[in-house]
Amino acid sequence: MIQSGLPRRRFLQAGLAATGALAGVGNDTPALAAPSDRGRPRMPLGCAVQRRYLGEADYRAAITSHFDMVVTEDALKWERLRPNPRDFDFADSDAIVDFAKATGLAIRGHALVFHGQVPAWLDRLETRRDAEEDMRRAIATIVGRYRGVIGSWDVVNEFTDDRPEVGSGLRPTVWERLIGPDYIAIALREAAAADPSAQLVLSDYFLEYRDRHYDDRRAVMLRVVRDLLRRGVPVHAVGIQGHLYGDRIVDRPAVTRFVADLKSLGVEVVVTELDIIDQAYPADPDRRDRLAAQQAFELLDAVTEGGGIHSCLTWGVTDKYSWTSWHRPRDDGLPTRPLALDAAYRQKPLMQVLQHFRRRTVPPDRPPVRR
C-alpha cells in the first residue's frame, strides 16, 4: 500500500508508473504478469455480462482471458426476469450461469431489489402485505434457484435518495412506500434464508466524490449498515458502484474514511460496476484512456488504503457494448471508451490499473465468492 503521508500528486504518479498506465502504454500492450505468490488469494476481477453476446467468440475469450468472475448485467433485473407477477423467465440468467460454470468463473447476482428496470405491473401493488409477500417470494425463488452457485448478491441496489439530506435518506421506491424502511432488512434476511453461504451486498452509486451531497450519501449508507448490524441483520459488504465521471473529483480522504468505517464494522467493500463516463475528456483516445486510468486508480487506491477491495467488477466487457454508448454518449459523437478493453478487445491503460490492484490479496477471513 502506498503510504498515506505521501502528497497526493506524488503517490498517484508512483502508483501509475508502477502499473504503466500513464507511461506511454499503447492499446495493445499485454497485461501485467500474474503475481508470483500464486498460493495466496488475489483480489477477484470481474465483469458484467450480457447473454446476447455470449455467442461471439471474441466476447467469450475476453471474459475467460481477463476475468475471474461474472455478474449478470440485466438478466436478473425484474423487467426482464418477471414478465408478470406469477412467472419467472430464467433463460438469460441460466445461460450466463452455465457459461460461468463451464469456464470455472465465480458468479455474482444483480440485483434482487432494485427500483430501476422493473415491470409496469409492480406499481399496481397497493398494500404492505402484497408488496412484502411478492418481494419475499421473488428473493426466495431467485436465490433458491442458484443456491450454492451464485456466491454473491446485490440484495438491495441504489436505495439512497438522490436528495440524501431530506427525510430518511432512502429512495422512495414501491417497497419503501408500502413496506417502509424495514424492507431492506426483510430482503437481506430472506436472501440469507435462501442461501446462508452467499455474500449479501448493499450497493449504490455516487459514494466516491467530493462535495456535501456525496458526504450525505456516504452517511446514509453507514447509518443504514450500522442499524442493520445492531439488529442482527446479515450484511456482508457494501458495493461502491464506481461509475466514474470525468468532470468529478474522487474524494480520496473521504472514501478512505468511509471504507475504514465499514471495515471496523466487519463489512467488506466490493467495487461493483466500475467504468469511466468520458464525456468531459478530450477527443484524443490515447489521452482519454490515460485520464480514465488515472480516475480509476484514484478510487481503487483510496479503497485499498481504507482497508482493501474485496473484489472489483467492471460494468461490461468491452467498449463495443457499453451502456454509455446510448445512455451517456459524447457531445462530439465519438464512441465512448469507458472500459478496460476497447471495441476491438485491445487492452487499454485501465486494464493495467485493474491488474495492479488484482495482485493485492484479499482479506483471509472471508472467501471472495464461491465458484
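For Gly232, the conditions (1) open to solvent by 40 Å² or more (accessible area, probe 1.4 Å); (2) in a helix (DSSP H, G or I); (3) more than 26 Å from His327 (Cα to Cα) all hold with the exception of (2). Within the stretch 138-171, being open to solvent by less than 10 Å² (accessible area, probe 1.4 Å), assigned to a loop (DSSP other than H, G, I, E, B) and among the β-branched types (Val, Ile, Thr) holds for one residue alone: Ile150. On inspection, Pro253 fails the criterion of being surrounded by fewer than 19 Cβ atoms within 10 Å (Cβ to Cβ) and in contact with a helix residue (DSSP H, G or I) (Cβ under 7 Å, 6 or more places away or on another chain). A Cβ distance below 8 Å, combined with a sequence gap of six or more or placement on separate chains, defines the contacts here; from the stretch 211-239, residues that are closer than 23 Å to Arg108 by Cα reach residues that are open to solvent by 60 Å² or more (accessible area, probe 1.4 Å) and at pLDDT below 95 in the pairs His236/Arg366. Considering the conditions (1) open to solvent by 10 Å² or more (accessible area, probe 1.4 Å); (2) touching a residue at least 40 places away in the same chain (Cβ under 8 Å), Asp182 is excluded by exactly one of them, (2). Per the listing Leu262, Leu244, the residue uniquely within 30 Å of Asp331 (Cβ to Cβ), touching a strand residue (DSSP E or B) at 6+ places or on another chain (Cβ under 7 Å) and at pLDDT 95 or above is Leu244. For the stretch 177-225, the set of residues classified as farther than 25 Å from Gly306 by Cα, outside any helix (DSSP H, G or I) and not aliphatic (A, V, I, L, M) consists of Gly180, Pro181, Asp182, Asp195, Pro196, Ser197, listed by residue number.
Taking Tyr281 as the residue in question, decide whether it is over 18 Å from the mean Cα position of the chain (by Cα) and either of a type in the set (Phe, Trp, Tyr) or modelled with pLDDT under 95 (or both).
yes
Looking across Ala296, Ala283, Ala343, one residue alone is among the small types (Gly, Ala, Ser), open to solvent by less than 60 Å² (accessible area, probe 1.4 Å) and not in a loop (DSSP other than H, G, I, E, B). It is Ala296. Only residues that are crowded, with 17+ Cβ neighbours inside 10 Å and not in a loop (DSSP other than H, G, I, E, B) were counted in the stretch 72-81, giving 4.
Scanning the stretch 106-137 for residues that are in contact with a strand residue (DSSP E or B) (Cβ under 7 Å, 6 or more places away or on another chain) and either in a helix (DSSP H, G or I) or among the hydroxyl-bearing types (Ser, Thr, Tyr) (or both) yields a count of 1. Note on the stretch 95-123: residues that are closer than 12 Å to Ile150 by Cα and open to solvent by 60 Å² or more (accessible area, probe 1.4 Å) total 2.
Residue selection: Asn84 satisfies the criterion of being modelled with pLDDT of 95 or more, in a loop (DSSP other than H, G, I, E, B) and open to solvent by 10 Å² or more (accessible area, probe 1.4 Å).
Could you please let me know if Asp123 is modelled with pLDDT of 95 or more, over 16 Å from Phe88 (Cα atoms) and charged (D, E, K, R)?
Here the answer is no, as Asp123 does not meet what is asked.
The values are calculated or read from the model by the stated rules, or taken from the named source; none is laboratory data. The structure displayed is predicted, hence computed values, not measured ones. Positions of Cβ are generated from backbone atoms using ideal geometry, with glycine treated the same way; all protein chains shown enter the neighbour counts. Just the protein is used for accessible areas: all its heavy atoms, side chains included, with ligands, DNA and RNA removed. Shrake-Rupley method; radii C 1.70, N 1.55, O 1.52, S 1.80 Å.
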